[in-house]
Amino acid sequence: MAGYRKGLVDLGSGIYAYLQPDGGWGWSNAGLIRDGDAALLIDTLFDETLTADMLDTMRDATGLGAGDIGTVVNTHANGDHTHGNALLPDAEIIASEASAREMEAFSPAMLAQLKASGAAGQLGVAGSYFAEIFAPFDFAGVSGRAPTQTFHGRLDLKVGDKGVRLIEVGPAHTAGDVLVHVPTDRTVFTGDILFIDGTPIMWEGPVGNWLAACDAILEMEVDHIVPGHGPLTDRAGVRAVRDYLGYITHEARKRFDAGLSAADAAFDIGLGRFDTWRDAERLAVNVDTLYRQFADDHGERDTLALFALMGRLYYDRKGRPAA
């Protein structure tokens, strides 16, 4: 997309977006809110090298170094929004209670081991796929830092004189997704409630919560919408994500009622106008989550099996053997 480049975008009034094309696996966005000497960072990046580069860029543009950032908000638990937290050792780290619990369960060390095992030819299709999509990132170099403050529902903050609203809309993409709304500056940072020109992935659900989160964004009086992945967007981008979720829910329900397995349904569903979105293989996770919702199944899910299924879809779309 024209204008979609890596780096810091000045949205005006002390609001900045940090973008990482192409917005696919691991290439997440972040944000900065400042008022005078006060500053709040929205999310860190997938490894510490990427986060250090971002902080250097922010310092060069604003004069604010890492030590000047008093607060970090993690919009959710995934590592591409949290793994750089340790580079802000003096900041308050805020996340929803559900996100904080989820961070404890998925450590950087676990991801480093999965990537190494996959690169070594272990773990079959799941390992090969995992190693390929996460090849650019150094999980082994991540020390990590947990949230120091948690909340449930809503939390109102001040950055200097700016009011900032943290609105929990999960479980949806993950267990504890949060929107960061700056009403006076007509801006919202959505975390991974929005993937723009990329396929959303519903690790948690229910889908109704995600649809409601899209509706909540559409009801906001905002001029700037910063997604978790992809270029800056507008209401049309929000509606496109909502349309995708509604479409796959409808298609998955038909196949669930017809007795197809979740895996067979993932291969059977045609994506239509969403087929050109990046990372289309995430459909496998979305269908699995929807099937679990339809069946009221709250048991443990096999994440490695889901990566294997995504890998099969990924290699099939590329016309390559599945390892």
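Data overview
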{"quantity": "The chain - charge dipole about Cα centre, Lys and Arg +1 at Cβ, Asp and Glu -1, debye rounded to 20", "calculated": "640"}
{"quantity": "D297 versus F267: modelled label distance in nm, points set 7 Å from Cα along the beta carbon direction", "calculated": "1.7"}
{"quantity": "Ordering of 189-198, 108-117 by packing [mean C-beta count within 10 Å, highest first]", "calculated": "189-198, 108-117"}
{"quantity": "Whole-number percent relative contact order across the chain, with pairs defined as alpha carbons under 8 Å at least 6 apart", "calculated": "16"}
{"quantity": "Residue order, fewest to most beta carbons within 10 Å, for E300, E281", "calculated": "E300, E281"}
{"quantity": "Ellipsoid semi-axes in whole angstrom, largest first, where each is sqrt(5λ) of the Cα gyration tensor of segment 7-318", "calculated": "31, 22, 17"}
{"quantity": "Dipole of the chain, positive end: most advanced residue of A77, L19, A258 [Cβ charges, Cα centre]", "calculated": "A258"}
{"quantity": "Spacing of the two label points (7 Å from each Cα toward its C-beta) at R239 and D37, in nm", "calculated": "4.7"}
{"quantity": "Listed residue (M58, A140, I269) projecting farthest to the positive dipole end of segment 7-318, Cβ model", "calculated": "I269"}
{"quantity": "Most mobile listed residue (L283, L271, L245) in the chain, GNM with C-alpha springs under 10 Å", "calculated": "L271"}
{"quantity": "Candidates T303, T82, T150, ranked by Gaussian network fluctuation over the chain, Cα under 10 Å, top entry", "calculated": "T303"}
{"quantity": "Two-site FRET efficiency, K254 against D68, from Cβ-Cβ distance with R₀ of 51 Å, rounded to 0.05", "calculated": "0.45"}
{"quantity": "Extension gain, T184 back to D275 (0.36 nm per residue minus Cα-Cα distance, nm)", "calculated": "29.0 nm"}
{"quantity": "Unit charges at the beta carbon, dipole of the chain: most positive-side option, P227, I93, S128", "calculated": "S128"}
{"quantity": "Label point 7 Å beyond Cα of S13 along Cβ direction - residues of segment 149-186 with amide nitrogen under 13 Å", "calculated": "161-165, 181-186"}
{"quantity": "Residues S107 and D215, FRET efficiency given R0 of 30 Å [Cβ-Cβ distance, rounded to 0.05]", "calculated": "0.30"}
{"quantity": "Set of aspartates and glutamates with alpha-carbon distance to K162 below 20 Å, sequence-local pairs under 8 removed", "calculated": "D10, D35, D37, D43, D68, E92, D185, E221, D223"}
{"quantity": "Summed side-chain charge close to L260 - residues other than L260 whose Cβ falls under 12 Å, Lys, Arg +1, Asp, Glu -1", "calculated": "-1"}
{"quantity": "Charge dipole (debye, nearest 20) of segment 1-136; +1 at Cβ of Lys and Arg, -1 at Cβ of Asp and Glu", "calculated": "360"}
{"quantity": "Residue among A105, A308, A91 with the largest mean-square fluctuation in a Gaussian network model of the chain, springs linking Cα atoms under 10 Å", "calculated": "A105"}
{"quantity": "Cβ-derived FRET efficiency at R0 35 Å, Y4 paired with D316, nearest 0.05", "calculated": "0.80"}
{"quantity": "Partners for K318 among lysines (Cα-Cα distance below 24 Å; same-chain residues under 8 apart left out)", "calculated": "K115"}
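No value in this document is a laboratory result; all are computed from the given coordinates. Note that the coordinates shown come from a computational prediction; the quantities given were computed from them, not determined experimentally. Using ideal geometry, Cβ is built from the backbone for each residue, glycine included, and neighbour counts are taken over all protein chains shown.
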